[in-house]
1. Quick one: is Glu174 in contact with a Lys or Arg (Cβ under 9 Å, 6 or more places away or on another chain), over 10 Å from Leu219 (Cα atoms), assigned by TED's automatic domain parsing to the domain that holds Lys81 and free of Cβ contacts under 8 Å to residues at least 60 places away in the same chain?
2. With the requirement that a residue be more than 24 Å from the chain's Cα centre (by Cα), within 20 Å of Tyr185 (Cα to Cα) and without any contact (Cβ under 8 Å) to a residue 40 or more places away in the chain, what does the stretch 77-105 give you?
3. Only residues in the stretch 385-409 that are in contact (Cβ under 8 Å) with a residue 24 or more places away in the chain count as the first member; pair them with residues that are in a strand (DSSP E or B), Cβ under 6 angstrom, at least 6 apart or cross-chain, and list the lot.
4. Condition test on Val266, is it of a type outside the set (Gly, Ala, Ser) and under 14 Å from the mean Cα position of the chain (by Cα)?
5. Among strands (runs of 3 or more DSSP E) lying entirely in the stretch 93-194, which contain 3 or more residues that are among the aliphatic types (A, V, I, L, M) and on the phi < 0 side of the Ramachandran plot?
6. In this structure, does Lys134 turn out to be over 21 Å from the mean Cα position of the chain (by Cα) and of a type outside the set (S, T, N, Q)?
7. Within the stretch 143-152, can you find the residues that are surrounded by fewer than 14 Cβ atoms within 10 Å (Cβ to Cβ) and either within 28 Å of the chain's Cα centre (by Cα) or not aliphatic (A, V, I, L, M) (or both)?
8. Spot the failing condition for Cys294; the list is (1) surrounded by fewer than 23 Cβ atoms within 10 Å (Cβ to Cβ); (2) modelled with pLDDT under 90; (3) at negative phi; (4) assigned to a loop (DSSP other than H, G, I, E, B), and only one is missed.
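The values are calculated or read from the model by the stated rules, or taken from the named source; none is laboratory data. For clarity, every value in this text was computed on a predicted model and none was experimentally measured. Glycine also receives a Cβ, built like all others from the backbone with ideal geometry; neighbour counts cover every protein chain displayed.
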Amino acid sequence: MAGTGLANFFRNSLRRKSARRDVNRDAPPDESKSESARRPGERSHFCYSPGQFFFEYLVVVSLKKKSGGDYEPKIIYQFPKRENLLRGQKEEEERLLQAIPLFCFPDGNHWAPLTEYTSETFSFVLTNVDGSRKIGYCRRLLPVGRGPRFPEVFCIISCLGCFGLFSKILDEVEKRRQISMAVIYPFMQGLRESPFPAPGKTVTIKSFIPDSGTELIELTRPLDSWLEHVEFQALLQHLSPENILWLFASAVLERRIIFVAEELSVLSQCIHAVAALLYPFSWAHTYIPVVPECLIDTVCCPTPFMVGVQKRCLEQVLDQPMEEVGDERDILPAKLQTEMLTSLKMHNSNNNIQTSEQVNTHVSNTFVQFFVKTVGHYTSHLKWNKSGQGSFQEKAFCKAITSRSCRKFVKRFVRTQMFSLFIQEVERSRITQEGKLPHLLPLPC
């Protein structure tokens, strides 16, 4: 696909994901099904079904010299090779494989051979036409050898959001790469033949390494599956609690957010973390943790987005037409904002004695409780007809809130697409989202 064609491919995908629409609560239950490609009650664009494949592809992307002297990323290895695909499947695969190299080297084509390079881990997200998402887990490293050479990227494509687990898989891939490419294949084959474990469960992969014998590699999913795709520690290391709350306030009202950082790993970790703060709601618009340099003009559209760009592209970003609202400090109810700040600062004081899982749980609970106290009473304002179809009573829901500041916030929040999609899913089934908002309060704030 030529450069223009690739840009059009992403432009169409972004347009589809960013198109805002008024939600008709009286619409047939399946009218917005393609909007999020989720089962009722599932608050994620990523699949978590136990028993499915860990990954779809492993590809190796390397830099190849062009006639003009620059370098462009190309796939030099793909596992598995898929055959006998239907026409539509083949076209989708071609689009995917043509997009991957650009995201493995998003920092442009101006490279020089290197003798030293510290490997880094990052991820990107590709949105399909049906709204579902695939994640690319990347490890960029310098191949074994002598003299100047180019880094290469090992990229695992999966619809499963489990960053800690895939980081461990990439550790194993990198260890085998130091021996031989041939040692990677049997490990990935064994991984592909193993079922994806349920939350809290472990799968063991057997892998033979020359001169070391057979190794047993254990891969365990966190018990809290909604936290397995995020690492809040990175966000807390790079932003103050006040800035985290301002980001959350912008995200919860579905504004345009651009993350800027030097390192790809920092970009992808922080943007995933901010999106995870919205749980049990999910970001329903343009979402690109690392934007390739050549596509910055394409993604800075006038609709909501959450994107990450490298610092080298900051000047190009600032040239884009953008408005600055500046009211982030006043979006969240003051009392709840103070409670959240206190909770986040308490984490900082206990930082040295908390594990990664404890940090994730602490931070997640802080923001879940915010939603519990503001909109956790939504189940009391659902009416059901005889056929099991629900109807959300929005006016009564907002009127039930006694606090002025909370009511002001909620009246804005209920107009967001993330809240509308959440309620649409609830309305389709009497199996409501109570399990997603624990400890529902009898009275809202």
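1. Numbers: in contact with a Lys or Arg (Cβ under 9 Å, 6 or more places away or on another chain): yes; over 10 Å from Leu219 (Cα atoms): yes; assigned by TED's automatic domain parsing to the domain that holds Lys81: yes; free of Cβ contacts under 8 Å to residues at least 60 places away in the same chain: yes.
The answer is yes for Glu174.
2. Result: Lys81, Arg82, Glu83.
3. Listed pairs, sorted by first residue: Gly390/Leu382; Gly390/Trp384; Ser391/Lys383; Phe392/Leu382.
4. Yes: the conditions hold for Val266.
5. 152-158
6. no
7. Restricting attention to the stretch 143-152, the residues satisfying the condition of being surrounded by fewer than 14 Cβ atoms within 10 Å (Cβ to Cβ) are 144-148.
Gly145, Arg146, Gly147, Pro148 - these are the residues of the stretch 143-152 that are surrounded by fewer than 14 Cβ atoms within 10 Å (Cβ to Cβ) and either within 28 Å of the chain's Cα centre (by Cα) or not aliphatic (A, V, I, L, M) (or both).
8. Every condition holds for Cys294 apart from (4).
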